[in-house]
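The values are calculated or read from the model by the stated rules, or taken from the named source; none is laboratory data. Everything numeric here is computed off the predicted structure, so don't read it as measured data. Using ideal geometry, Cβ is built from the backbone for each residue, glycine included, and neighbour counts are taken over all protein chains shown.
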């Protein structure tokens, strides 16, 4: 076996400082027959139970969402990743991601589903004791009980640990009495189980509690009037002297904030899968309308402007899918490795996902913004009809917007990305400064003119290598110069995060195309390689601009000139006929009449 074939599994954040070979990543072309059956079951459910009833759902018809969740439960869709001993299917993490993707076209239902199966159920599954799992998870897995997650407060959004909800132990030591207010609580209108975060007395950190609907003192405000996801139950929840048995505390006192953060890590990568399903569905509607709509004597799908839009929708979808399932396999491998070392599966899942927390945040940002783009272009392709509530794309456009706020705003997630990577470096878990110093040294050396590599991917691989150098150069210099004040330089942090996101997405898209070529031949990979090349070409300018903005913000004099010259060198692209490339992608979409990649 070659040296490449025996590389150690990549760690979180390590994509910046080492090469990844195509064989090391998972690609969607490798889904098993069982995986495909799971996806088809989810798609059939959406097409049968949700799509024909979208107006009923968005009108908040009494009982509709509960009944939809019940039906999903009967099919096992609420317990995909829950162990069989608690009534679930006991499938792997990839399967739960695929289910989230396939149900992502369900508009408000996908939100209710995600809240129930994710932030509503997982805190108990991963942090509950055996008695709590037996009592609650068994009912949540089937849909007999529905769940919600109560973290956000009027004065505690991104700064979740500043919440004012309080819990006080009764004199007899048998109950905690909870008082406080939560807002934007998905599924709260019909939930049976509330995961509630509160501070006990004057604790610094939150604790987490399982609160049942029947506990006296819970009051709900009317349903919120929202821009989109109108069928999703969203209310404020008030707790007035709610007595909760002490045995309903999750894990230990003061562990609530850690529970919240780890569950949100899962929510972020699951959101990337969910928006992917929405993107594919929206593209299908875009293609169908473009083929059916005639103007000036022919269908509008024959015009270059429309083909450009269809191709750009597909490129972002392909790239997001490539990056999201690359991370998914990394997480799956980490979980398996930790289990093999003797760690409990629940702990292994949490630890495995925590290892890639930065990548989860990156994909949350990238996915939600790709969905926004795809939905916006879908409305434009539909023209005036896209603004009509008769069309699915109008609903998709409104429903998409919340994803840039869910699971932590995109701004917060950008800053978290850089913060998490730098913290790993400071702990010695990730050597960023060594490679960053090597890049700084390279700036004063004679430029590398290439080694004559004539492989079909040489130019793209070199560009991605250089993209990584730009991230290391800017992040390393910022960390060195700004030290502790870097945390306050939000614009610079967001520049660095964007550079990292674009770099990771470019590499993921190219590696997927390379692996397809290795497995099935270059002809099978042609369209996907073209999409990777389009994205790399576009990101070259994006990375240059973000890097330039950051450098101009904190560097001066000769050092600034040297860094800007290096940036220009690292983001030099020979050019690509993107018009022809997009025409190729659009032609495949139009012929297939759906997202076919």
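When every residue of segment 487-504 is checked against the conditions, at least one turns out to be in a helix (DSSP H, G or I), free of Cβ contacts under 8 Å to residues at least 24 places away in the same chain and either outside the structural domain of residue 365 (by TED's automatic domain parsing) or out of contact with any strand residue (DSSP E or B) (no Cβ under 7 Å at 6 or more places or on another chain) (or both).
Contact map, segment 395-409: first residue without any contact (Cβ under 8 Å) to a residue 24 or more places away in the chain, second residue assigned to a loop (DSSP other than H, G, I, E, B) and surrounded by 24 or more Cβ atoms within 10 Å (Cβ to Cβ), Cβ cut-off under 9 Å, separation 6 or more or different chains; the map is empty.
Condition check ((1) within 21 Å of residue 251 (Cα to Cα); (2) buried (at least 17 other Cβ atoms within 10 Å of the Cβ); (3) more than 30 Å from the chain's Cα centre (by Cα)) across all residues:
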site: 169; (1), (2), (3): yes, no, yes
site: 185; (1), (2), (3): no, yes, no
site: 206; (1), (2), (3): yes, yes, no
site: 234; (1), (2), (3): no, yes, no
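Are any residues in segment 457-472 surrounded by 14 or more Cβ atoms within 10 Å (Cβ to Cβ) and more than 21 Å from residue 12 (Cβ to Cβ), and if so, which ones? Once the filter is applied, which keeps residues that are surrounded by 14 or more Cβ atoms within 10 Å (Cβ to Cβ) and more than 21 Å from residue 12 (Cβ to Cβ), segment 457-472 yields 457, 459, 460, 461, 462, 463, 466.
Could you check, for segment 62-75, whether at least one of its residues is surrounded by 12 or more Cβ atoms within 10 Å (Cβ to Cβ) and part of a loop (DSSP other than H, G, I, E, B)? Looking for residues that are surrounded by 12 or more Cβ atoms within 10 Å (Cβ to Cβ) and part of a loop (DSSP other than H, G, I, E, B), one finds at least one in segment 62-75, hence yes. Has segment 209-220 got at least one residue that is farther than 17 Å from residue 123 by Cα and either in the same structural domain as residue 50 (by TED's automatic domain parsing) or in contact (Cβ under 8 Å) with a residue 40 or more places away in the chain (or both)? For segment 209-220, residues farther than 17 Å from residue 123 by Cα and either in the same structural domain as residue 50 (by TED's automatic domain parsing) or in contact (Cβ under 8 Å) with a residue 40 or more places away in the chain (or both): absent.
Screening residue 26 on (1) modelled with pLDDT of 95 or more; (2) in a helix (DSSP H, G or I) shows it passes everything except condition (2).
Just wondering, is there one or more residues in segment 344-352 that are surrounded by 24 or more Cβ atoms within 10 Å (Cβ to Cβ), assigned to a helix (DSSP H, G or I) and modelled with pLDDT of 95 or more? No, that holds for no residue. With the condition kept exactly as written, say whether any residue in segment 453-464 is in a loop (DSSP other than H, G, I, E, B), modelled with pLDDT of 95 or more and more than 20 Å from residue 503 (Cα to Cα). Checked segment 453-464: no residue is in a loop (DSSP other than H, G, I, E, B), modelled with pLDDT of 95 or more and more than 20 Å from residue 503 (Cα to Cα). Cβ separations smaller than 9 Å between residues 6+ apart or across chains give the following pairs from segment 294-317 residues that are touching a residue at least 24 places away in the same chain (Cβ under 8 Å) to residues that are loosely packed, with under 15 Cβ neighbours inside 10 Å and assigned to a strand (DSSP E or B): 300/294.
The rows are residues; the columns are (1) within 25 Å of residue 26 (Cα to Cα); (2) in contact (Cβ under 8 Å) with a residue 60 or more places away in the chain.
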position: 70; (1), (2): no, yes
position: 73; (1), (2): no, yes
position: 77; (1), (2): yes, no
position: 82; (1), (2): yes, no
position: 89; (1), (2): yes, no
position: 94; (1), (2): yes, yes
position: 100; (1), (2): yes, yes
position: 103; (1), (2): yes, yes
position: 108; (1), (2): no, yes
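Going by the structure shown, is residue 33 touching a residue at least 40 places away in the same chain (Cβ under 8 Å), out of contact with any strand residue (DSSP E or B) (no Cβ under 8 Å at 6 or more places or on another chain) and surrounded by fewer than 19 Cβ atoms within 10 Å (Cβ to Cβ)? Please lay out each step first, then the result.
Details: touching a residue at least 40 places away in the same chain (Cβ under 8 Å): no; out of contact with any strand residue (DSSP E or B) (no Cβ under 8 Å at 6 or more places or on another chain): yes; surrounded by fewer than 19 Cβ atoms within 10 Å (Cβ to Cβ): yes.
So residue 33 fails the test.
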